[in-house]
Structures are given as structure tokens and as C-alpha cells.
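I have placed the structure first, in the form of C-alpha cells, so that the comments after it can refer back to it.
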Amino acid sequence: MRKQFGGPWPELKLDVLKRYLTAYITALKNKPFHKVYIDSFAGDGTVQTKTGRVLEGSAKIALDINGFDEYIFIEEDPDNINALQQLCNGYPTKAVQVLGGDANYLIANWLTSMADVRRMRGVAFFDPFGMELAWDTLEAVARTRALDVWYWFSLSGLYRQTPLSRHKISDDKITSVNKVFGTDQ
């Protein structure tokens, strides 16, 4: 079953992203950078609200904006990967990669493969459903000094990991929280 999202937040978030990406590309239009858009936890290219309304997701919004030289979509779910690939097939002139697997690992590998990040600029969009994004990944992206980061932190994911009683926090929940914050402090 598809994840459904309630309230006005998905539409608001996607509208702000669209306006930002448009302004970003306009600002870098005549700059000699390789411009990249990275979308981790990209889903299937759509967002379904609890009212049943289907919105264009972040991947579709980015593909509709001309000016990026490369698009990288990362997703773990096989059904979402197939849907993303079908979406990208509708943009045959765009350089798109759909990567399947753990976003933390795939981003680290992609950053390692970059020959010269000084010639690159881009936007990294992180919108995990839960606590999947590791602090180490954010640090690696920040070290490039080339990517603007959009991180929609899952506060509800954090709440799910941290019960009110400290004695009820299991080791796997502690590990999850430590990964997200990058420390065991």
C-alpha cells in the first residue's frame, strides 16, 4: 500500500521546492558548473494525500525544470524504482540515473566518483519517511561545499524511536537515533 500524507504539508513543501529549484537554475544559468539534482528517498514520482489526491512528487518537479545537467534519483523500494524509471523514460533528452539501494551508501559512492567537485553545483534533496538518513551522509555532502541541502527531517520518525521512559528505549532505537544525529551523546 502506498504511503499517504495528510494535511497541507506535502503540497506546501513541493511548491516551495519547485520555486527554489526554478530560482536556483536561473541564478546559475550562465555559470560554467555541472549542475546536478540529487533526490534521495525519491519515492515513485508522486505523492498521495490522505484525501486521495495525487500530486507531482519531487522527482517529477525537478525533471520539469530545465537547466540541470544531471538528475540522480535514489530509492530502495523496487516498485518505486520501476515507477521512477518509467517517469524518467518520458524525458529521453535528460541525463538521469535511477539508483536502487541505501541512499547513504549510494551518495557516498557518488561523491567519491566526482572528479572535481569545484566544477559542480547542485541541490541535494533528502525527504526520508523515517530515520534512514545518516548524519555521516550530511557531513559528506557538506564537505563538497557544492551542494545546497534540503533535508526534511522526520520529527515523527524521531518521536517513534524515543519513548517517554528511558528504560523502554531498545538498542536498535538507540542505534537509529545515534545514526541520525551522528553521536551517541
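So, in segment 45-87, exactly how many residues are among the β-branched types (V, I, T), under 17 Å from A103 (Cβ atoms) and out of contact with any Gly (no Cβ under 7 Å at 6 or more places or on another chain)?
Here the count works out to 2.
Of all residues in segment 30-71, which are of a type in the set (A, V, I, L, M) and without any contact (Cβ under 8 Å) to a residue 40 or more places away in the chain?
Once the filter is applied, which keeps residues that are of a type in the set (A, V, I, L, M) and without any contact (Cβ under 8 Å) to a residue 40 or more places away in the chain, segment 30-71 yields V54, A59, L63.
Considering only residues that are in contact with a Leu (Cβ under 9 Å, 6 or more places away or on another chain) and either under 12 Å from S40 (Cα atoms) or of a type in the set (D, E) (or both), look in segment 65-84 and name the one that is surrounded by the most Cβ atoms within 10 Å (Cβ to Cβ).
So, considering only residues that are in contact with a Leu (Cβ under 9 Å, 6 or more places away or on another chain) and either under 12 Å from S40 (Cα atoms) or of a type in the set (D, E) (or both), the one surrounded by the most Cβ atoms within 10 Å (Cβ to Cβ) is F73.
Go through (1) assigned to a loop (DSSP other than H, G, I, E, B); (2) surrounded by 19 or more Cβ atoms within 10 Å (Cβ to Cβ); (3) in contact with a strand residue (DSSP E or B) (Cβ under 8 Å, 6 or more places away or on another chain) one by one and return the number of the condition E132 breaks.
(3)
Which of the numbered conditions does D77 fail, given that it passes all the others? Conditions: (1) farther than 14 Å from F125 by Cβ; (2) touching a Ser or Thr at 6+ places or on another chain (Cβ under 7 Å); (3) not hydrophobic (A, V, I, L, M, F, W, C).
Going through the list (1) farther than 14 Å from F125 by Cβ; (2) touching a Ser or Thr at 6+ places or on another chain (Cβ under 7 Å); (3) not hydrophobic (A, V, I, L, M, F, W, C), D77 breaks only (2).
I need the full set of residues from segment 29-41 which are out of contact with any Lys or Arg (no Cβ under 9 Å at 6 or more places or on another chain) and surrounded by fewer than 13 Cβ atoms within 10 Å (Cβ to Cβ), in order please.
K29, N30 - these are the residues of segment 29-41 that are out of contact with any Lys or Arg (no Cβ under 9 Å at 6 or more places or on another chain) and surrounded by fewer than 13 Cβ atoms within 10 Å (Cβ to Cβ).
In segment 109-122, which residues are surrounded by 14 or more Cβ atoms within 10 Å (Cβ to Cβ) and either among the aromatic types (F, W, Y) or out of contact with any helix residue (DSSP H, G or I) (no Cβ under 6 Å at 6 or more places or on another chain) (or both)?
Across segment 109-122, the qualifying residues are W110, M114, M120, R121, G122.
Restricting attention to segment 6-56, report how many residues are modelled with pLDDT of 90 or more and of a type in the set (D, E, K, R).
Of the residues in segment 6-56, 9 are modelled with pLDDT of 90 or more and of a type in the set (D, E, K, R).
From the list T51, T26, T22, which one is surrounded by 14 or more Cβ atoms within 10 Å (Cβ to Cβ), more than 22 Å from N104 (Cα to Cα) and either polar (S, T, N, Q) or touching a His at 6+ places or on another chain (Cβ under 9 Å) (or both)?
Of T51, T26, T22, the one residue that is surrounded by 14 or more Cβ atoms within 10 Å (Cβ to Cβ), more than 22 Å from N104 (Cα to Cα) and either polar (S, T, N, Q) or touching a His at 6+ places or on another chain (Cβ under 9 Å) (or both) is T22.
Yes or no: segment 14-29 includes at least one residue that is touching a residue at least 40 places away in the same chain (Cβ under 8 Å) and farther than 24 Å from R145 by Cα.
Yes, the conditions are met somewhere in segment 14-29.
Given the condition polar (S, T, N, Q), part of a helix (DSSP H, G or I) and under 18 Å from V141 (Cα atoms), answer yes or no: does some residue in segment 41-58 qualify?
Looking through segment 41-58, none of the residues is polar (S, T, N, Q), part of a helix (DSSP H, G or I) and under 18 Å from V141 (Cα atoms).
The values are calculated or read from the model by the stated rules, or taken from the named source; none is laboratory data. Only a predicted model underlies this, so the values are computations on that prediction, with no experimental measurement involved. Note: ideal-geometry Cβ built from the backbone for every residue, glycine included; neighbour counts use all protein chains shown.
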